[in-house]
Every structure is written in structure tokens, then in C-alpha cells.
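Enquirer: Below you'll find the structure I mean.
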Amino acid sequence: MEKISMNDIRKKNYSDIYRLIYQERRISKSKIASSLEMSLPTVTQHLSALETEGLIEKQGQMASGIGRKAAAYSIRPEARVSVGVEVLPDQITAVVLNLYGEVIGKKEVSLSFSKKDEYFETLYDTVCELLQESKISNDAVLGTGIGMQGLVSEDGQRMLYGKILDCTGLTIRPLSERFPYPVRLIHDAECAAEIELWRNPELTDVIYLSLGVHLDGAIIMHGKIQRGRTGRTGTVEHMTLVEGGRPCYCGKLGCMECYCSVNALLEEGENLTDFFLELRQGASRQVRRWMDYLNYLATALNNLHMVLDCTIVLGGHIAPYLIKQDIDVLFSELQDCTAFPEEENFICIGTQENNAVAAGAAIPFIRTFLEAI
């Protein structure tokens, strides 16, 4: 049996106290002691250490109907922060998240993607300016995640597949040489799924489908995103939906991307806001196109659900425009094409997080910090 040292016990007590304060948001010393079954002197010692390190602070007093009010302890959410960046063909969006995953700063810059040094210098400058505007020092930054449209190596150091941005083979080096803290590349679909998990921790087994400008997917099992042997788990966008169908940017024909993405729904010059405004007003062309879209999406979802019998969460740019009627129609269409009809609708709308990819790119650094403390 492995021996547990006093140092191990102290570290566990320290971690347990911090995590309880994190969970409760505001809590008294006596409540910490009773909840964790620790002596008051032990709790006092660790609270003092956490305060000295700037991780927690006294924040007023707890409500009390009788006697002296106890001091309330809270974590300092900005004691550590994480940065997330979404890279698009013509724009970068950077956000700063505190330890609760709350966005405390945001910056958008119009910038055409390039593999040249000037592009990475501008990206770095954008993050630096965002941190300055948010009054965050480099010492507080846990790391920066870069959400990319494409498959990323397991260590986050290289683009394995990046047809949309033409960045296959790109490494993190142009950025890691500039940033004074850890930086890694992350598949944008994983970023969106990360923020979905963060906002809804009760999710366990889920197929996450991002109905964005381009289609993306992620598989969540036992509360964790699955990457698979080569990082391709969840890349449902390149599953064949229509044999010999529309051409996809991957070079194949009939991919789900060509029928279930925003690009597949909108005509040239359209935007989602105008499309859904006319759709809800009953415009016949938009209604017809929307029903065709839902029909293709239902077939795609049925194929996915036949492989993984679990909840399907719809996110991405289309999600904020979805209403219950759309989900009902989608489920009805799915019931018509499946071999195993079900009574309970297993399709739901995601959190509709603004800047989901950028925010999700920052989440892994926060998770790592909280797990390691």
C-alpha cells in the first residue's frame, strides 16, 4: 500500500478548501470546516496561505440573523485567466475568461489569414492589447488556445488537416516563440463542445453538431470530448450524405457539409438574420429551402444516432435562430426515416454562446488549473 505523507495530506486539504470556496462562491470559515470535516486551525492555516498567494479574498460578511456575522471567503476569479482566440479566414476574435469561465474582455480584428510572420505578429499584438485593456498581467495568464478550422495534433502543436484556411502542416512555433505562456492549437469543433460542456456539466454522452458557416461535430462520452486514434472522431461533416452529390471543399461529393452547414442553407448575399426573418413571416422560398434543409439534417442526425444512441445537441451560428417548432419538425422527419422510431425527442438546442469557439479555446487551461490546484 502506498504511504500517504503529511505533505500529501496538506496539499489535499489545501485543494479541497479552494475547490469548496470555488463551488460555493461565498462561504464562511466555519462552514468550510464543517463541510470538509477539518479543524478550524487547519482551515485557518490554509485560508491564510491561499490569501497570501492571491487566490482567495475576504468578501464582506455572511448573512446572519443572530450574533456576530462571519467573514465570507471567495476566490479571486481574475487571479488566473485564460485567453481564447478564434481564427477565421478574414477575422480573429480574442476573449479573456476568468476562472469561472466568464468573458471579461473581448477584441475583434479584421484580418485575412496568412501563414506569414506579419499575421502572427498581429495576432500576438491583438492578445497583448486585449490583456492590457482588461488590466491583466502576463503572470496571471494560464495560456492561450487558438481555435482553428481543421484537425489538430494531440499535443496542439500542428495542423494535421486545414483545407479551409489552407494551413495543413502549420505549427504553433510562430506563436509559441512570441507568447510568454503556453499556447496551443485546438480544433474549432472541440472549442464549441468545450464551452457547451462547461455551461452544462451534466452532459455526459452527447453528439454535438455545430451548424456553423462550415459544419463541425464533436463526440462527448463520459463527460469528455473524444478525439480518437488520429484526432478525427467527430468530423461528421465529411460523412457522405448524398452519393455523388454536391462538391465539398475536401474534394469529395455529397458530404454532410454540403447540406447541413450555413453555406448550404444561404444563397449568395444572404445572411442568417434576414433569412430567418423572412422564414418566420412565411416567405414561401425560405420555407421551402428550410424544409429541405431540415430533411437533410434529419437524415444526417438519424445516421449519427444509429451509431451513438445518445442526446444530440445543435449549436453553431444557426442555433440562436432555432425554435421549438423547428426541433419538433426535425424530430418528426427523423422518425420517418429511422428504423427505430422513439417517443422521446433526443434533439436539443445548445447554449447559443456568443464567441463559442474563442471562449471554448480558453476553457482547457482553466480546467487544467482547477484540476491541478
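Enquirer: For the range 106-230, list log₁₀ I(q)/I(0) at each q in 0.20, 0.22 Å⁻¹, using the Debye formula over Cα point scatterers of equal strength and ignoring solvent, two decimals each.
Expert: The calculated log intensity ratios at q = 0.20, 0.22 Å⁻¹ are -1.28, -1.38.
Enquirer: Give, in whole angstrom and from largest to smallest, the semi-axes √(5λ) of the equivalent ellipsoid of the range 212-284, with λ running over the eigenvalues of the Cα gyration tensor.
Expert: Three semi-axes, in Å: 28, 18, 9.
Enquirer: Let me ask you something else. Give me the number: length gained by fully extending Thr273 to Ile373, i.e. 0.36 nm times residue separation minus the C-alpha to C-alpha distance, one decimal in nm.
Expert: Once the chain is fully extended between Thr273 and Ile373, it gains 31.6 nm.
Enquirer: Which distance in Å, rounded to a whole number, links the C-alpha centroids of the range 229-305 and the range 29-58?
Expert: If you average the Cα positions of each part, the centres end up 53 Å apart.
Enquirer: Roughly what % antiparallel, to the nearest 5, for the DSSP beta bridges in the chain?
Expert: Among the beta bridges of the chain, antiparallel pairing accounts for roughly 65 percent.
Enquirer: Something else: Given a 1.4 Å probe, how much area per residue of the range 1-54 is accessible, in Å²? Before the final figure, lay out the partial values.
Expert: Details: 3650 Å² over 54 residues.
Counting only protein heavy atoms, the per-residue value for the range 1-54 is 68 Å².
Enquirer: Nearest 10 degrees, 0 to 90: what angle lies between the long axis of helix 284-307 and the longest principal axis of the chain (Cα atoms)?
Expert: Here the helix axis deviates by roughly 60 degrees.
Enquirer: If you don't mind, another one. Report Rg/Rh for the range 182-338, rounded to two decimals, where Rg is the Cα radius of gyration and Rh the Kirkwood radius.
Expert: 0.96
Enquirer: With +1 on the Cβ of every Lys and Arg and -1 on the Cβ of every Asp and Glu, and nothing else charged, how large is the dipole of the chain about its Cα centre, in debye rounded to the nearest 20? Provide the component values of the computation, followed by the final result.
Expert: Numbers: 37 positive and 50 negative charges, 309 e Å.
Dipole of the chain, to the nearest 20 debye: 1480 debye.
Enquirer: Rounded to the nearest whole Å², what accessible area per residue is found for the range 85-138 with the 1.4 Å probe?
Expert: Computed with neighbouring chains in place, this is 48 Å² per residue.
Enquirer: About its Cα centre, how strong a charge dipole does the range 1-95 have in debye, to the nearest 20, once Lys and Arg get +1 and Asp and Glu get -1 at the Cβ?
Expert: Computed about the Cα centre, the dipole is about 560 debye.
Enquirer: Over the range 176-235, with every protein chain in place, what whole percent of the accessible area is carbon and sulfur at 1.4 Å, could you tell me?
Expert: Carbon plus sulfur share of accessible area: 48 percent.
Enquirer: Also: Can you give the percent of C-alpha pairs in the range 119-167 whose distance is more than 14 Å?
Expert: Result for the distance tail: 62 percent.
Enquirer: Return the inverse of the average 1/r over all pairs of distinct C-alpha atoms in the range 248-320, which is the Kirkwood hydrodynamic radius, in Å to one decimal.
Expert: 13.6 Å
Enquirer: Which percent of the accessible heavy-atom area of the range 58-159 goes to carbon and sulfur, probe 1.4 angstrom? Intermediate values should be presented prior to the final figure.
Expert: Numbers: 2110 of 4860 Å².
Here it works out to 43 percent.
Enquirer: Given the chain, report the % of alpha carbon pairs whose separation exceeds 28 Å.
Expert: Tail of P(r) above 28 Å: 53 percent of Cα pairs.
Enquirer: Of Asn263, Leu241, Pro182, whose Cα points farthest to the positive end of the dipole of the range 174-266 (charges on the beta-carbon: +1 Lys, Arg; -1 Asp, Glu; origin at the Cα centre)?
Expert: Pro182
Enquirer: Within the range 125-241, what percent of beta bridges assigned by DSSP are antiparallel, to the nearest 5? The partial results should precede the final answer.
Expert: Numbers: 12 of 17 bridges.
Of all bridge pairs located within the range 125-241, approximately 70 percent are antiparallel.
Enquirer: Another question, if that's okay. Please work out the C-alpha center-to-center distance from the range 158-186 to the range 349-372 and express it in whole Å.
Expert: 19 Å
Enquirer: Please report, in Å, the Rg and the Dmax of the range 5-93, where both are computed over Cα atoms only.
Expert: Cα-based Rg and Dmax for the range 5-93 come out at 17.2, 61 Å.
Enquirer: Next question. Take the solvent-accessible surface of the protein heavy atoms, probe 1.4 Å, and return the percent of it on the range 295-358 that carbon and sulfur atoms account for. Provide the component values of the computation, followed by the final result.
Expert: Details: 1550 of 3180 Å².
Answer for the range 295-358 is 49 percent, counting heavy atoms of protein chains only.
Enquirer: What's the angle, to the nearest 10 degrees (0 to 90), between helix 188-199's Cα axis and the longest principal axis of the chain?
Expert: Tilt relative to the chain: about 50 degrees.
Enquirer: Right, next: Taking only protein heavy atoms and a 1.4 Å probe, what accessible area per residue, in Å², does the range 224-373 have with all protein chains in place?
Expert: Here the residues of the range 224-373 average 51 Å² of exposed surface.
Enquirer: Measure nothing but the geometry: give the 0 to 90° angle between the long axis through the Cα atoms of 356-372 and the longest principal axis through the Cα atoms of the chain, rounded to 10°.
Expert: On a 0 to 90 degree scale, this one is about 30.
Enquirer: Quick check on the range 265-306: take the gyration tensor over C-alpha atoms, sort the square-rooted eigenvalues as a ≥ b ≥ c, and tell me if it's rounded (a/c under 1.5), prolate or oblate.
Expert: Cα axes put the range 265-306 in the prolate bin.
The values are calculated or read from the model by the stated rules, or taken from the named source; none is laboratory data. Quantities reported herein were computed from a predicted structural model and do not represent experimental measurements. A quick note on method: Cβ atoms are made from the backbone with ideal geometry, for glycine too, and the neighbour counts reach across all protein chains shown. Remember, those area values only see protein heavy atoms, side chains included, never the ligands or the DNA or RNA. Shrake-Rupley method; radii C 1.70, N 1.55, O 1.52, S 1.80 Å.
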